[in-house]
């Protein structure tokens, strides 16, 4: 940081006497690094207003003192807030630019967002008026409400623009727009909610130095025994919140601090992924130069038909990771393969159920409720047992090219993903799979047709596909309302109401398919 553009100020902590330094004259508060006292700056004096809890280890690559550049200007990481909500937690890193302005650097669907606080000319909407998934006018512009959660400020460190109110619970709403922006309404001060607007950034683009130097040591310290079978759980990604035990296949929540009991659940065995975990392939998300993407997670999902006459579909998703690009999803459905990644912004309605994104109108194909039945690997969100999402799929066709949009709502959070379809042969080449996997990758009835010399191969593939269908059907046909049926009877109103609730509000239009979008629980806000 340039000393010519910043006036540093130093004083002694009124609680322990340790030196406390402010990099910016505009900063209002800091946390003493020695005694954890929360200090408020009043002119040339400091006053203790509380005490911060210890931060739990979350293995973020960021840390105080790290430096970077954004939009041609240097900045330093000077403070952090650590927040939790019912589905997990996140960091808000306070960064200070060379010219004196400050911003927040936070995580967003496995990527990062830089957001700047901005004044509001008119009163923001009350939190009660915000409806997740609905349009909302704020600061004179249309936004889509992506999430609304009740958060608690657990801990803080370093230099902050506002005095933190620790253990204070308040509402936080994230909104997204068609300009690929994400904004936050923070109701920690209900009388005067704060408003910030940001854009997605890649950590590599920020040219950062001073990050945690050895991630392998960090990840090694994160290893824990499986709470189900005792086998070692060794995460490979710094921001993983869920991991599946390789031995017993229990799904374990590793987002909690070291020493805490690990929440977990068992699951029935699914199919082995056609693309093994750890495999790296060269893929281009939206065209351009292919980049290396590693398979770090695998999901099996199905839709939940509303009636016995509706067709049920099953599909598989691979969570991909690239150190520079973040996360993407490779989706294998009955209609073929697609490659998508989460959006920072949100499309705007275009009439007739269509959505507009970056000058293209995507027509709606169907809406349905999807359920996870089986997972393997690691995930940047908390994976819940049989978690359901309301999914809407859209597509844009131009010649032979098909682009895709997907909207997923889980609880109080909405995630949009965008990408394209791709041929099975591209998947085969990208991951250098054996050529005898071609027919299975295509999942096409023609792959089972008789050809001289290929009968045995086709029989084997047919048996594998039948086994896959049986495994998925068994997982998806489980009656969640069985207790009501056994207690009150199949004709009872209790059982019928439960069945209606379980089926969700999705309506499948057409046949075949499956989700276009990458699944992301807890991905609606920049957390």
*With 86, 134, 123 as the choices, which residue is touching a strand residue (DSSP E or B) at 6+ places or on another chain (Cβ under 6 Å) and in the same structural domain as residue 198 (by TED's automatic domain parsing)?*
134
*Do the conditions hold for residue 390, that is, is it in the same structural domain as residue 297 (by TED's automatic domain parsing), crowded, with 17+ Cβ neighbours inside 10 Å and more than 17 Å from residue 341 (Cβ to Cβ)?*
yes
*Answer with yes or no whether residue 167 is over 20 Å from residue 344 (Cβ atoms), surrounded by 18 or more Cβ atoms within 10 Å (Cβ to Cβ), modelled with pLDDT under 90 and in the same structural domain as residue 50 (by TED's automatic domain parsing).*
no
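Go over the candidates 457, 443, 420 one by one and state the one that is under 17 Å from residue 334 (Cα atoms) and either modelled with pLDDT under 80 or touching a helix residue (DSSP H, G or I) at 6+ places or on another chain (Cβ under 7 Å) (or both).
Only one candidate passes the filter, namely 443.
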*asked:* I'm told residue 371 meets every condition in (1) surrounded by 22 or more Cβ atoms within 10 Å (Cβ to Cβ); (2) under 19 Å from the mean Cα position of the chain (by Cα); (3) assigned to a strand (DSSP E or B) except one. Can you identify the failing condition by its number?
replied: (1)
*With respect to residue 360, is the statement that it is outside the structural domain of residue 133 (by TED's automatic domain parsing) and over 30 Å from residue 247 (Cα atoms) true?*
yes
_Against the conditions (1) part of a loop (DSSP other than H, G, I, E, B); (2) in contact with a helix residue (DSSP H, G or I) (Cβ under 7 Å, 6 or more places away or on another chain), where does residue 124 fall short? Just the number, please._
(2)
*Which members of the range 236-251 meet the condition of being closer than 13 Å to residue 224 by Cβ and either surrounded by fewer than 22 Cβ atoms within 10 Å (Cβ to Cβ) or over 17 Å from the mean Cα position of the chain (by Cα) (or both)?*
245, 250
*Extreme residue, modelled with the highest pLDDT, among residues of the range 24-57 that are under 25 Å from residue 69 (Cα atoms) and surrounded by fewer than 19 Cβ atoms within 10 Å (Cβ to Cβ)*: 28
*Could you count how many residues in the range 83-105 are under 22 Å from residue 253 (Cα atoms) and at pLDDT 90 or above?*
1
*asked:* Exactly one of these conditions fails for residue 228: (1) more than 20 Å from the chain's Cα centre (by Cα); (2) at negative phi; (3) in the same structural domain as residue 50 (by TED's automatic domain parsing). Give me its number.
replied: (3)
_Testing residue 206 on (1) under 20 Å from residue 78 (Cβ atoms); (2) touching a helix residue (DSSP H, G or I) at 6+ places or on another chain (Cβ under 9 Å), one condition comes back false. Which one is that?_
(2)
*Given the conditions (1) buried (at least 19 other Cβ atoms within 10 Å of the Cβ); (2) at pLDDT 85 or above; (3) within 23 Å of residue 344 (Cα to Cα), report the number of the one that residue 72 does not fulfil.*
(1)
*Selected residue (criterion: nearest to residue 295 (Cα to Cα)) from residues of the range 347-358 that are at pLDDT below 95 and assigned to a loop (DSSP other than H, G, I, E, B)*: 358
*Got at least one residue in the range 377-387 being buried (at least 21 other Cβ atoms within 10 Å of the Cβ), part of a strand (DSSP E or B) and in the same structural domain as residue 288 (by TED's automatic domain parsing)?*
no
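Restricting attention to the range 126-155, which residues are touching a residue at least 24 places away in the same chain (Cβ under 8 Å) and more than 16 Å from residue 411 (Cα to Cα)? Before the answer, list the steps.
Applying the first criterion (touching a residue at least 24 places away in the same chain (Cβ under 8 Å)) to the range 126-155 yields 127, 130, 132-133, 135-136, 138-139, 141-155.
Selection gives 127, 135, 136, 138, 139, 141, 142, 143, 152, 153, 154, 155.
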*asked:* Cβ-Cβ under 7 Å, sequence separation 6+ or interchain: first residue in the range 345-364 and on the phi > 0 side of the Ramachandran plot, partner surrounded by 15 or more Cβ atoms within 10 Å (Cβ to Cβ). Which pairs?
replied: 353/364
*Among 415, 438, which is at pLDDT below 95, within 19 Å of residue 338 (Cα to Cα) and surrounded by fewer than 17 Cβ atoms within 10 Å (Cβ to Cβ)?*
438
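The values are calculated or read from the model by the stated rules, or taken from the named source; none is laboratory data. Just so you know, these numbers come straight off a predicted model, no measurement behind them. Cβ sites come from the backbone with ideal geometry, for glycine too, and all protein chains shown count toward neighbours.
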